[in-house]
Amino acid sequence: MTKKLVIVESPAKSKTIEQYLGQDYTVKSSKGHVRDLAIAGAGGLGIDVDNDFRPQYEILPDKKALVKELFDASKKAKEIYLATDPDREGEAISWHLQAVLDTKGKAVKRVIFNEITKTAILEAFEHPREIDDHLVSSQETRRILDRIIGFKLSKLLQSKIKSKSAGRVQSAALKLIVDREKAVEEFKPQEYYEFYARFPGFAAQLYKYKDKTPKIETAQAAQALVDSLERQFLVQSVEIKEKSIESRPPFITSTLQQDASNRFGFSSTKTMSIAQRLYEGITIGAETVGLITYMRTDSVRLSTDFVKKADEWIVREYGKTYLGSQKKTAKGQNVQDAHEAIRPTDVFRTPDSVKSHLSRDEYLLYSMIYARAVASLMKPQILEQKTMLFVSGAALFRAVSTKPLFDGYLRAYGKYETDGQEPKVVLPDWKEGAVQEPSTIEAKQCFTQPPLRYNEARLIKEMEDLGIGRPSTYATTIATLRERKYVAMVEKKFVPSEQGRLTIDELDVFFSEFVSANYSRNMEIVLDQIAMGEGSQLETIRRFWEYFIPLVEYATKTMKKVKPQITGELCPECQSPMVFRQSRYGNFEACSNFPKCRYVKPTPNGKPSAVPARDTGAICPQCHKGHLVERVASKGKNKGNMFFACNNFPKCKYIAPFHTEGEPCPEGRMAIQTGDGKTACIEKTSHETHK
């Protein structure tokens, strides 16, 4: 027992951290969660409902070998440091690790760091703490509630309307998309008119008419208004004032995802994947170093040390006049933990200095993160705003121009500020009381526009504003909606499928409260209270159970079951009606007596239209040589059921365990689905070629 054992989540971190800590430490990774709720107990929930909802955990099937390896390492260690991610999920992973390791008579310590740099790592190991039971309880409460909701609703929807899953966050997000689509379909454009008086170099817009905001909706009324105007315009007032525009705070998870989507077209999943690599470490020369702080955060706080060094850098690069006096260190309204914002770990490590070590996408994201953090500490942009008001009869026209006086934070962040930029207008030096005649006065016909469908950036912002889920869950939630075929992307915007609409329509009837944004937001508040030691896990779960389960029972009895559409033909093998069915590969016709009869009607080319076998591209986690392929059981009690297995059979007999429907895969894993809708969670590191 000579070594100190350190366990982190990601393999990419372990080598870097071991390099920093030295020979007295052995660093291993858990690769995310090692335990989860068992598929046992009442309804397979993994919860002992009759014994205060006590959770029942089991080691994940594909983590058994890894857990044994970690256990053996813990037997040889005199001290154990749990250095999983600095959030509730990471706290829970540490708690689960403590339960499966050999900790008897040994010091077990929790280590927290927000960035993977030598200074931060060594500082963290100087100040270890105990596992925070309140954070663990909060995460466990979330897990239990989401298991109940996901399992119960998914099973109900699968049996009634053939939808694959439902969940607290997933369904609330889907409802936003479906409701927006209905609003688009129901929208009826309304005609209205805008009025402009055009002068050399600029145009003034009608601002007030008879002291009211004009509301003209017909061509006749528009022409009548134009005819009523005098052709001599009196300059009523000229106002010149300075306008200050503050920089925005440094990135948090949601704003990073939004801006990466808007600026670079990155999906939320791609953004988080790139950010993960920047956080875990990039090899620069002989050193591997994390370039950014932890990327799952709701906080815009910046550390005192970073602010001090960034101030030095700003003064050196731009001059003292650019150094801001106000530091954006406030927390957001729904901050999960005491994290920092997403920022560079070293302000002197500029994007250009590391460009040769980064991929194109890594460079783009790091550059934006870097610029945003620096800009947040700089002085505001100063503009000179000039406003001229013109009077013509009962009409008041207005024209506005701006002139930059001081670029401020734009010196660092200007290329990313594209929102709201309009063609430059320069107003003349006319004085109050002057009379001017416009070259033309025109009425412009306009129509109200339908509400915009959600793209990824807009959906994430809406989820954040409404308190649906946490920023760390947005990418997984969106991926799940697409995997379930509840939504499609049309011109980079979400459009619900018929199945997605049917799912929300039924949930709205029987579970309207649980798919609302209010419920998700209120649940996050309750979880925050538990995390702070101010709420009760048991009472929260009990109240939920007593209210929710009767609704499930009622829906089970009342919700109508959708039956497959009959083709009008009989099966040539068993004479049962033929029905239309769907798979991820398209529609086909098959016997309604499935799985007893497996007849599938041949396509015009003479081949059966059965669902073909497919290679998922996922590397087998057991032998690391074969791929996981989709197969169909040909005998036994599971005959006809699909499953994933290694194509290196019989040398490797690995079969991927299925995941509970309606629940997101654990951190570090991604979902793959069989043709009949069952989900397996695999390690992302093994998923090299799957598209």
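The values are calculated or read from the model by the stated rules, or taken from the named source; none is laboratory data. Fair warning: this is a prediction, and the values are worked out from it, not measured in the lab. For neighbour counting, all protein chains shown are included, and Cβ atoms are generated from backbone atoms with ideal geometry for every residue, glycine included. Side chains included, ligands, DNA and RNA excluded: accessible areas come from the protein's heavy atoms. Shrake-Rupley method; radii C 1.70, N 1.55, O 1.52, S 1.80 Å.
Structure summary
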| quantity | calculated |
| --- | --- |
| Listed candidates [x] 30.4, 95; [y] 25.0, 78; [z] 35.3, 125 - label of the one calculated as Rg and Dmax of the Cα atoms in Å | [x] |
| Cut-off 12 Å between beta-carbons: net charge of the residues surrounding L452, Lys and Arg +1, Asp and Glu -1 | +3 |
| Net charge of neighbours whose Cβ lies under 14 Å from the Cβ of T213, counting Lys and Arg as +1 and Asp and Glu as -1 | +2 |
| Whichever lysines have a C-alpha closer than 19 Å to that of K309, once near sequence neighbours (fewer than 8 apart) are set aside | K118, K320, K327, K328, K379 |
| Relative contact order of the stretch 442-500, defined on C-alpha pairs under 8 angstrom at six or more residues apart (%) | 32 percent |
| Per-selection metrics, the stretch 34-107 (Cα): Rg and Dmax in Å | 14.1, 42 |
| Charged-residue dipole, Cβ positions (Lys, Arg, Asp, Glu), the chain about Cα centre, Debye nearest 20 | 2080 debye |
| Options A221, F233, L176, ranked by Cα towards positive dipole end of the stretch 165-268, top entry (Cβ charges) | L176 |
| Ordering of 318-325, 303-310 by burial proxy (mean other Cβ atoms within 10 Å per residue, highest first) | 303-310, 318-325 |
| Normalised contact order of the stretch 14-161, rounded percent, pairs of Cα under 8 Å and 6 or more residues apart | 20 percent |
| Selection from S472, Q381, S94 lying farthest towards where the dipole of the chain points positive, charges on Cβ | S94 |
| Protein accessible area in the chain, 1.4 Å probe - carbon and sulfur % | 50 percent |
| Listed pairs K15/K64; K68/K653; K243/K386 exceeding 18 Å between Cα atoms | K15/K64; K68/K653 |
| Positive minus negative residues near C646 (Lys, Arg vs Asp, Glu; Cβ under 9 Å) | +3 |
| Calculated Rg and Dmax of the stretch 98-162 using C-alpha coordinates, Å | 19.4, 57 |
| Simple spin-label estimate for L452 and E491 in nanometres, 7 Å along Cα-Cβ | 1.3 nm |
| Largest to smallest principal axis extent of the C-alpha atoms in the stretch 184-324, angstrom | 77, 48, 27 |
| Percent of beta bridges antiparallel (DSSP, the chain, rounded to nearest 5) | 85 percent |
| The chain: angle of helix 268-280 to the longest principal axis, Cα-based, in degrees nearest 10 | 80 degrees |
| The stretch 31-83: relative contact order as a whole-number percent, Cα under 8 Å and 6+ apart | 26 percent |
| Neighbour cut-off at most 13 other Cβ (10 Å), DSSP loop, trypsin sites (Lys or Arg not before Pro), the stretch 427-470 | K431 |
| Residue-normalised accessible area of the chain, given per residue in Å² at a 1.4 Å probe | 49 Å² |
| R0 of 22 Å, Cβ-Cβ distance T103-R54: FRET efficiency to nearest 0.05 | 0.55 |
| 3J(HN,Hα) from dihedral phi, the stretch 63-79, Karplus parametrisation 6.51/-1.76/1.60, rounded to Hz, x for glycine, proline | 10, 4, 5, 5, 4, 5, 4, 5, 5, 4, 5, 5, 5, 8, 9, 8, 9 |
| From phi via Karplus (6.51, -1.76, 1.60), per-residue ³J(HN,Hα) for the stretch 523-534 in Hz, x at Gly/Pro | 5, 4, 5, 4, 5, 4, 5, 5, 4, 8, x, 10 |
| With Cα atoms, 0 to 90° folded angle of helix 304-318 axis to the chain main axis | 40 degrees |
